[in-house]
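All remarks here apply to the structure that follows.
Read the figures in this text as sums done on the coordinates, not as results from a lab. Only a predicted model underlies this, so the values are computations on that prediction, with no experimental measurement involved. Please note: Cβ atoms are built from the backbone with ideal geometry, for glycine as well, and neighbour counts cover all protein chains shown.
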Amino acid sequence: MRIFIAALGTETNTFSPLPTGRKTFEETLWVRRDASLSSDNYFVLPLVEWRRLAEAAGDEVIESLSAFAQPAGRTVQAVWEELRDTLLGDLRAAGPLDLVLLNLHGAMASEQCDDCEGELIEMVRQVVGPEVVVGVEFDLHCHISERLMRHADLLVLYKEYPHTDVAERGAELFDLARRAVRGEIKPVMALRDLRMLDVWRTSDAPVRALVDWMQAAEQRDKVLSVSFGHGFPWADVPDVGAKTVVVTDGDADLAEAVAQELGDCIWALRETYAANLLDVAETMAAIAGGNGCTVVADISDNAGCGAASDSTFLLEPLLATKAERALFGLLWDPAAVRVCEEAGEGATLRLRIGGKVSAMSGRPVDVEARVLKLIHDAKVTYGDGKMPMGDAVLLDAGGVHIVINTIRTQTFNPDAFTQFGIALSDYRTVVLKSAQHFHAGFAPVADRIIYAVAEGTSSPDFRTLPLPHAGRPLWPQVADPWA
Ligand SMILES: [Zn+2]
């Protein structure tokens with residue numbers, strides 16, 4: 001069997017003040033060929049899995065591009081077209097193929113295209129023709145278009161948020177795709193639009209039950225794969241919103257029925273499931289009264305959602321109250337890092353940090369800081385892979401420890417901090433910029449977790465998010481989107 005593999009994507013927040021250009025791809029992931037042989041990047045994990053499984057089965061792997069960018073605003077059109085056309089060029093040059101497997105994100109929009117994945121898969125289909133099996137893996141924070149469904153044979157989404165099952169879902173897709181090539185199954189897919197905007201954390205019991213439901217449904221006769229596309233609400237595009245996807249073996253009615261059944265479960269959950277969110281004042285009060293180590297997630301300024309990761313809405317009060325044994329990060333501030341690098345470890349200096357990218361970043365903060373430690377080309381663990389942090393500095397600003405860095409990324413894992421030689425158990429309060437991925441690594445060391453809502457590019461108030469291009473009513477913007 002000859003298998004073509006590649007990875008391409010980003011998660012586009014159309015409200016982000018940051019364009020996604022060449023530099024963001026280059027510093028996150030842009031490997032021309034065979035990244036699965038050389039890269040530990042998180043976005044390459046499915047390709048590593050596909051290569052391992054393919055080689056074990058005696059298949060031939062043709063590996064094209066791996067390119068992902070940290071979430072931000074729309075991708076610059078020329079950059080999207082270069083990436084897309086590089087992949088398609090490799091596909092044309094690959095010769096006869098049996099199978100195409102692509103790790104995409106599902107929520108990528110360029111300056112002129114609201115549905116990059118749909119466009120890409122349609123073009124892939126034009127190159128390979130109707131007989132070659134095309135399988136796609138998506139992040140669950142995706143928009144799923146009819147266009148994509150028409151041209152792909154198989155679509156499998158992550159089930160977990162935090163995304164701890166990327167390689168596992170990749171292996172499932174590989175198995176289904178190979179069986180489809182051998183004619184053992186005939187995949188048929190159904191898509192159901194739920195007309196909902198929300199964030200569902202699979203670490204919360206009611207959402208965990210949904211994952212269990214999906215896995216149980218996959219045991220039913222002829223049901224091959226069941227996915228819940230949570231959607232990515234911060235995107236004013238026609239396909240925004242939660243959807244369900246079901247793949248069956250040749251039974252379209254069954255696929256529709258299961259997609260509807262799962263959709264009904266998710267809809268029924270909406271009144272009972274609400275994440276516990278605190279505003280800035282409530283967060284500060286909770287920190288002051290807490291025992292043990294409190295982890296606060298600054299979800300409104302999450303780089304993983306396209307935000308700048310330099311807002312100071314929580315840092316300012318943390319410094320003003322002289323919070324004891326507090327740790328804050330990752331604050332994206334390349335200019336301040338540069339100043340610290342010039343001064344060197346051990347230096348004490350006046351420093352202006354954060355609050356730079358846009359009004360949604362708040363005010364910059366002036367501190368007298370000591371440079372405790374500098375790390376060049378730091379990385380943070382994300383699942384079984386790594387994400388670049390760039391150069392990073394641990395500062396002591398009047399007792400509050402702050403990590404600033406040069407490559408914008410969310411605080412996925414405690415090693416964003418502990419690589420500086422510090423222990424989280426030394427802190428009473430850890431404020432980090434992440435919406436949920438932090439949970440996998442921080443929950444075991446936290447005595448409690450607070451989700452804090454400030455102003456920001458990734459603020460979770462979906463009732464007021466302007467989405468004129470959604471083209472249909474969406475809950476919770478309306479009580480009943482089907483009325
Ligand atoms: Zn995601």
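When you restrict to C-alpha pairs under 8 Å that are six or more residues apart and normalise by the size of the stretch 2-269, the relative contact order lands at 19 percent. With each label modelled as a point 7 angstrom along the Cα→C-beta vector, the Gln219-Asp366 pair spans 6.5 nm.
Dipole size of the stretch 277-459 about its Cα centre, with +1 on Lys/Arg Cβ and -1 on Asp/Glu Cβ: approximately 40 debye, rounded to the nearest 20. Pull out a ≥ b ≥ c, the square roots of the eigenvalues of the alpha-carbon gyration tensor of the stretch 2-269, then state rounded if a/c is under 1.5, prolate if not and a/b is larger than b/c, and oblate in the remaining case. Cα axes put the stretch 2-269 in the oblate bin. The calculated 222 nm mean residue ellipticity attributable to helices in the chain amounts to -8500 deg cm²/dmol, summing -39500 (n - 2.57) over DSSP H runs of n ≥ 4 and dividing by all residues.
Computed extension length for Asp377-Glu146: 79.1 nm, one decimal, from 0.36 nm per residue of separation with the Cα-Cα distance subtracted. Highest average first, the peptides 46-52, 121-127, 255-261, 63-69 ordered by how many other beta carbon atoms sit within 10 Å of their residues are 63-69, 46-52, 255-261, 121-127. Since only Ile287, Leu194, Pro414 are under comparison, the one whose Cα sits farthest along the positive direction of the charge dipole of the chain, derived from C-beta charges on Lys, Arg, Asp and Glu, is Ile287.
Rounded to the nearest 10 degrees, the inclination of helix 252-269 to the longest alpha-carbon principal axis of the chain is 20 degrees. When the Cα positions of Leu465, His401, Leu262 are compared along the charge dipole of the chain, His401 comes out farthest toward the positive end, with charges on each C-beta of Lys, Arg, Asp and Glu.
Our estimate of slack between Glu81 and Asp396, defined as 0.36 nm per intervening residue step minus the Cα-Cα distance, is 109.0 nm.
For Asp480 and Ser203, calculate 0.36 nm times their separation in residues minus their Cα-Cα distance, and state this gained length in nm to one decimal.
Working it through step by step, the gained length comes to 97.0 nm.
For Lys379, the lysines whose Cα falls under 30 Å of its own Cα, not counting residues fewer than eight places away in the same chain, are Lys23, Lys159, Lys322, Lys356, Lys433. If R0 is taken as 45 Å, the Cβ-Cβ distance between Arg463 and Glu261 corresponds to a FRET efficiency of 0.95.
Relative to the longest principal axis of the Cα atoms of the chain, the long axis of helix 116-128 lies at roughly 30 degrees.
About its Cα centre, the dipole of the stretch 181-232 is roughly 160 debye, where the only charges are +1 on Lys and Arg Cβ and -1 on Asp and Glu Cβ.
For a label point 7 Å from the Cα of Asn276 along Cα→C-beta, name the residues of the stretch 448-468 whose backbone N is under 15 Å from it. Counting only backbone N, you get 448-453.
Against the longest principal axis of the chain, how steep is helix 45-56, in degrees 0 to 90 to the nearest 10, with axes from Cα atoms? The angle comes out near 40 degrees.
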